[in-house]
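The values are calculated or read from the model by the stated rules, or taken from the named source; none is laboratory data. Because the structure is a prediction, the values reported are computed rather than measured. Methodologically, a virtual Cβ is constructed for each residue, glycine included, from the backbone with ideal geometry; neighbour enumeration extends over all protein chains shown.
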Amino acid sequence: MEFIDPAKVPQRTLYTGAKMPAVGMGTFGSDHATAEQVRDAVRGAIKVGYRHFDCAACYGNEDQIGEVFQEAFQSGEVKREDMFIVSKVWNDMHGKGDVLVACARTLRDLQLDYLDMYYVHWPFPNYHPPKCDVTERNPDSKPFSVKRFMATWRQMERLVDMGLTKHIGMSNMTLPKLKAVLPLCRIKPACIEMELHPCFQQQELYDYIKSQGIEIVGFCPLGSPDRPERDRTPEDVADLQQPVIRKIAEAHGVHPVLIAIKWAVQKGHTPIPFSIKEKNYTSNLKCVTEDPLTDEEMEEIKGMECNNRLVKGQVFLWPGATDWRDLWDEDGTDALWDKD
């Protein structure tokens with residue numbers, strides 16, 4: 001097993017001064033990897049040199065991952081303070097007092113005393129069961145509401161006060177939502193997690209987040225070829241099959257996956273790729289320590305943007321919503337929000 005020195009992996013500096021490795025390992029097995037396979041991949045990734053792990057309660061594997069963390073700490077393989085461990089509160093735990101309960105459960109499952117980052121996974125309490133299909137709808141789903149979101153965020157801020165997480169963050173936000181809630185935050189998010197890959201760059205949102213001194217974590221960095229069936233539509237573009245990516249990969253003598261990861265890190269955000277294969281997760285980390293892309297290659301990839309959102313979120317739609325675009329404020333306004 002090859003070891004990549006964590007000191008050689010680029011770092012992001014959060015507004016608190018804390019450091020976050022600029023490549024993390026995702027732990028969402030989608031519908032193709034079991035909790036045990038994810039657990040074993042995390043075990044191998046620690047040995048390879050990963051120090052940033054992106055977990056979530058709804059992935060259904062935090063208890064297995066917690067076993068691996070505890071093994072690594074107890075054996076002296078890695079110190080807790082050298083790890084950056086992330087989780088997220090799921091949509092069915094936005095109610096009064098529920099965020100604390102959710103965080104406590106995650107800490108128990110991951111066998112930790114604190115998290116380095118805790119995200120609000122989605123900005124509304126619209127629940128769907130694991131592995132549901134695209135037709136699933138919860139009749140209790142609601143549009144986004146500033147009031148409801150901030151009630152959840154106040155609980156997140158309390159977690160920081162209590163020392164249960166060092167940082168808090170938001171995920172799956174839009175520009176109008178962020179502009180509405182950031183001025184109301186007592187503790188602002190240290191990171192925003194968002195879908196980012198060469199064919200979906202969200203540049204306006206990206207630039208705004210950076211302007212606020214907030215770091216960006218990008219999920220689906222490879223164009224998510226293994227995403228659940230519910231997130232697939234005929235018009236989707238496969239990033240890794242695009243001529244630009246394939247040409248650059250050939251020039252560097254590597255797989256197109258590694259070009260997407262290099263691009264993300266050099267652009268300035270933190271990708272969280274996932275694989276259960278040792279060869280793959282090793283190369284995903286190693287690639288950012290060597291052979292960077294040229295300025296010309298970065299510019300070519302910039303030109304790949306085609307608004308190719310892959311995680312559409314249809315299962316979160318509320319009664320009366322038209323389609324998945326209603327979730328993402330595509331007209332740039334708050335027209336579809338609850339104004340309570």
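For region 233-263, how many residues meet the condition of being polar (S, T, N, Q) and crowded, with 22+ Cβ neighbours inside 10 Å?
Residues in region 233-263 being polar (S, T, N, Q) and crowded, with 22+ Cβ neighbours inside 10 Å: 0 in total.
Search region 57-77 for residues being in contact (Cβ under 8 Å) with a residue 40 or more places away in the chain and buried (at least 22 other Cβ atoms within 10 Å of the Cβ), and hand back the single one that is nearest to residue 141 (Cα to Cα). Steps first, answer last, please.
Going through region 57-77, the residues in contact (Cβ under 8 Å) with a residue 40 or more places away in the chain turn out to be 57-58, 60, 62-63, 65-67, 69-70.
Filter again for buried (at least 22 other Cβ atoms within 10 Å of the Cβ), leaving 62, 65, 69.
Details: 62: 26, 65: 30, 69: 35 Å.
Taking the candidates together, the pick is 62.
How many residues are farther than 24 Å from residue 56 by Cβ and buried (at least 22 other Cβ atoms within 10 Å of the Cβ) if we restrict to region 169-198?
Residues in region 169-198 being farther than 24 Å from residue 56 by Cβ and buried (at least 22 other Cβ atoms within 10 Å of the Cβ): 1 in total.
For residues in region 113-152 being of a type in the set (Val, Ile, Thr) and in contact with an Asp or Glu (Cβ under 9 Å, 6 or more places away or on another chain), which is surrounded by the fewest Cβ atoms within 10 Å (Cβ to Cβ)?
The residue in question is 134.
Look through 51, 80, 43 and report the one residue that is farther than 30 Å from residue 139 by Cβ, surrounded by fewer than 16 Cβ atoms within 10 Å (Cβ to Cβ) and in contact (Cβ under 8 Å) with a residue 24 or more places away in the chain.
80
Only one residue in 17, 26, 49 is closer than 24 Å to residue 93 by Cβ and of a type outside the set (Phe, Trp, Tyr). Which one?
Exactly one residue qualifies, and that residue is 26.
Quick one: is residue 328 under 30 Å from residue 127 (Cβ atoms) and modelled with pLDDT of 95 or more?
Values: under 30 Å from residue 127 (Cβ atoms): yes; modelled with pLDDT of 95 or more: yes.
In short, yes.
Mind listing whichever residues of region 252-279 are among the hydrophobic types (A, V, I, L, M, F, W, C) and without any contact (Cβ under 8 Å) to a residue 40 or more places away in the chain?
Passing the criteria: 254, 257, 258.
If you go through region 125-143 one residue at a time, do you hit one that is within 22 Å of residue 191 (Cβ to Cβ) and touching a strand residue (DSSP E or B) at 6+ places or on another chain (Cβ under 9 Å)?
Checked region 125-143: no residue is within 22 Å of residue 191 (Cβ to Cβ) and touching a strand residue (DSSP E or B) at 6+ places or on another chain (Cβ under 9 Å).
Which condition breaks for residue 202 when tested against (1) crowded, with 19+ Cβ neighbours inside 10 Å; (2) on the phi > 0 side of the Ramachandran plot; (3) in contact with a Phe, Trp or Tyr (Cβ under 9 Å, 6 or more places away or on another chain)?
(3)
Name the pairs whose Cβ atoms lie under 6 Å apart, with the first residue in region 128-155 and without any contact (Cβ under 8 Å) to a residue 40 or more places away in the chain and under 25 Å from residue 168 (Cβ atoms), the second assigned to a loop (DSSP other than H, G, I, E, B) and not charged (D, E, K, R), and 6 or more positions between them or separate chains?
149/123
Which members of region 303-334 meet the condition of being among the aromatic types (Phe, Trp, Tyr) and over 17 Å from residue 203 (Cβ atoms)?
Hits for region 303-334 are 316, 318, 324.
For residue 138, only one of the following conditions fails: (1) closer than 30 Å to residue 10 by Cα; (2) of a type outside the set (Val, Ile, Thr); (3) assigned to a loop (DSSP other than H, G, I, E, B). What is its number?
Against the list (1) closer than 30 Å to residue 10 by Cα; (2) of a type outside the set (Val, Ile, Thr); (3) assigned to a loop (DSSP other than H, G, I, E, B), residue 138 comes up short only on (1).
How many residues does region 1-40 hold that are surrounded by 14 or more Cβ atoms within 10 Å (Cβ to Cβ), within 18 Å of residue 219 (Cα to Cα) and charged (D, E, K, R)?
Total meeting the criteria: 1.
For region 153-165, how many residues are surrounded by fewer than 17 Cβ atoms within 10 Å (Cβ to Cβ) and in a loop (DSSP other than H, G, I, E, B)?
Summing the residues that are surrounded by fewer than 17 Cβ atoms within 10 Å (Cβ to Cβ) and in a loop (DSSP other than H, G, I, E, B) in region 153-165 gives 2.
Can you find even one residue in region 280-290 that is under 30 Å from residue 35 (Cα atoms), without any contact (Cβ under 8 Å) to a residue 40 or more places away in the chain and surrounded by fewer than 18 Cβ atoms within 10 Å (Cβ to Cβ)?
yes
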